[in-house]
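Written below as structure tokens is the structure these notes are about.
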Amino acid sequence: MAGDLGKLNEIVALKQKYNFRLLVDDAHGFGTMGSTGQGTAQHFGVQEGIDLHFSTFAKAMAGIGAFIAGKEDVINFLRYNMRSQTFAKSLPMPMVIGALKRLDMVRPCPN
């Protein structure tokens, strides 16, 4: 929160040597960093090296709630092993619609 920026590109490069999964909480980067606001991974050009992206709709998107994004098999693992959390943290539908619209705004434009 002090404005420090981790060397995400260097951390991603270490994955090849040490074979680990990388989970990034980008609450302050999502919506503000990168050429289209996709976050710190976009800023460094290492989106493909991140296994799970965590972020919030409460900062740059001026909403409530959060999300986790990653490969389908990892998301399915979380979905089936965190069932008690799936509906315990549901957002009101107007917030979901607003978040989806805001996500459309930060998606890359088709070439």
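Surface composition of the chain: carbon plus sulfur atoms contribute 57% of the solvent-accessible area (1.4 Å probe, protein chains only, all chains present).
Note that the chain presents 73 Å² accessible area per residue, ligands and nucleic acids not counted, probe 1.4 Å. Residues whose amide H comes within less than 5 Å of that of Gly63, counting only those at least five positions distant or on another chain, are Ala58 (H built at 1.01 Å from N in the peptide plane).
What are the residues whose amide H is under 5 Å from the amide H of Asp25, where those residues sit 5 or more places off or on another chain and H is modelled from the backbone? Those lying under 5 Å, H to H, from Asp25 are Phe54. I want the local charge near Gly45. Using Cβ-Cβ distances under 15 Å, sum +1 for each Lys or Arg and -1 for each Asp or Glu among the other residues. Result for the neighbourhood of Gly45: -1. Close Lys pairs in the chain, defined as Cα atoms under 17 Å apart and 8 or more places apart or on different chains, number 4. Near Asp73: Cβ cut-off under 13 Å, other residues only, Lys/Arg at +1 and Asp/Glu at -1. The net charge is +1. Site-free segments of the chain were taken between chymotrypsin sites (Phe, Trp or Tyr not before Pro) in DSSP loops having at most 14 other Cβ atoms within 10 Å, sites themselves excluded; the longest one is 21-86.
Counting only trypsin sites (Lys or Arg not before Pro) that are in a DSSP loop and have at most 16 other C-beta atoms within 10 Å, tell me the longest site-free stretch of the chain. It works out to 22-58.
Which shape class applies to the chain: rounded if a/c is under 1.5, otherwise prolate when a/b exceeds b/c and oblate if not, where a ≥ b ≥ c are the square roots of the Cα gyration tensor eigenvalues? Oblate.
The values are calculated or read from the model by the stated rules, or taken from the named source; none is laboratory data. Computed from a prediction, not measured in an experiment: that's the story for all the values here. Reconstructed Cβ throughout: ideal geometry from the backbone, glycine too, with neighbour counts over all protein chains shown. For the accessible areas, the whole protein counts, side chains as well, though only heavy atoms, and no ligand, DNA or RNA atoms are used. Shrake-Rupley method; radii C 1.70, N 1.55, O 1.52, S 1.80 Å.
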